[in-house]
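Following: one structure in structure tokens, then a few remarks.
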């Protein structure tokens, strides 16, 4: 059993803290938000993530996890300190490391014994060496080691991903620290999880390269979907045929309104900026970013082709606000760009999402769009319906009821979750993506 300090109780920090506690460690998770800490100590998760609440309660009852605002005490008491703070993009696309810098300075000021400093935050190439240098300089002490341990958690499936990961990446320059990390992750060794041991730079780039590749895969299938529409092909069959090739695989070959979330947008931009720093042309990544933005606008163009160019005063029902199903996260959600463009052109928005409405209200207040208690409330008297998130409950819509409630008959299915022929047979004017 080890004493761990996890700095940051956001998505990565909280999932990691709870998972590490479940491995049998004593974990103190720190955040500057006192209200959040108070709720966490009561067993309340501040965001929606399936299964996480149960694991939190289990480890609170076992007294393996505690939440605090006292970063100095947590660092002093911890043998291993995990850095799990946010690394958002600046307007330039460069990664903002200010939160990491704050934590590193706190570590330097509280280095009272040998510690392993583990970076789980997504950071650009060279950051872990910078962390090591900065702590040494400020603390006048080299009794510590640094580990780069990027996370690969999918929102909506984070619990599964933490306990059954595809791989664990450990960037290191100390055998002692490497062995400590193997001890921390021993439960994963027992289920034969693959481990990748490498230097700092390799670990940092594995994270960025992985996310950029997946973003590229999404963008590629979206562009093929656009070609399918023009050529009369069916993207669902094209993607199925492609996915059967073991070299390609079926994952992330689902066309839609573009990728969003906390990782892909900022990590593609971050990788592009790293390329610029090292004078390496990453033109493919640049085009992925541009194409993804264009895909969001293309969804509005689809709507206008069916409902007419002038959408002023038209009531548009939006089903789905989160960037993907099984999360309440709206960061970089395609819905934001789409709704913003519709509002600017004079449309009236009625929206529903099973989990993400409270988050979206921070971007579009209730005096800007109408938030509805159900999908059927949202479509009432609507001229058109747009499905933007692939929630399961939207896959089984009562289309007859939808037909009776709507004023118009246009459905834009941005996630291809409805059967086109069934929809059209009821008299709807339907458009999916790539079919």
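The values are calculated or read from the model by the stated rules, or taken from the named source; none is laboratory data. Given the structure is predicted, the values throughout are model-derived calculations rather than measurements. Here Cβ is always computed from backbone atoms with ideal geometry, including for glycine, and neighbour counts include all displayed protein chains.
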Q) Inside the range 238-267, can you point out the residues that are out of contact with any strand residue (DSSP E or B) (no Cβ under 6 Å at 6 or more places or on another chain), part of a helix (DSSP H, G or I) and crowded, with 19+ Cβ neighbours inside 10 Å? A) 238, 239, 264, 265, 267
(Q) Looking at residue 107 and the list (1) in a helix (DSSP H, G or I); (2) surrounded by 21 or more Cβ atoms within 10 Å (Cβ to Cβ); (3) assigned by TED's automatic domain parsing to the domain that holds residue 11; (4) within 23 Å of the chain's Cα centre (by Cα), which single condition is not satisfied? (A) (4)
Q) If you take just the strands (runs of 3 or more DSSP E) that sit entirely in the range 125-199, which of them hold at least 1 residues that are buried (at least 16 other Cβ atoms within 10 Å of the Cβ) and touching a residue at least 40 places away in the same chain (Cβ under 8 Å)? A) 144-148, 168-171
Q: Could you figure out which of (1) at negative phi; (2) touching a helix residue (DSSP H, G or I) at 6+ places or on another chain (Cβ under 7 Å) isn't true of residue 136?
A: (2)
(Q) So if I check each of 344, 305, 324, 314, which one is closer than 27 Å to residue 418 by Cβ, modelled with pLDDT of 95 or more and surrounded by fewer than 17 Cβ atoms within 10 Å (Cβ to Cβ)? (A) 305
Q) Tell me, which helices (runs of 4 or more DSSP H) lie completely within the range 319-423 with 1 or more residues that are touching a residue at least 60 places away in the same chain (Cβ under 8 Å)? A) 334-344, 375-379, 392-395
**Q.** Filtered residues of the range 424-434 (kept if in contact with a strand residue (DSSP E or B) (Cβ under 9 Å, 6 or more places away or on another chain) and part of a loop (DSSP other than H, G, I, E, B))
**A.** 428, 432, 433
Q) Of all helices (runs of 4 or more DSSP H) completely enclosed by the range 1-96, which ones contain at least 2 residues that are out of contact with any helix residue (DSSP H, G or I) (no Cβ under 8 Å at 6 or more places or on another chain) and farther than 25 Å from residue 358 by Cα? A) 71-77
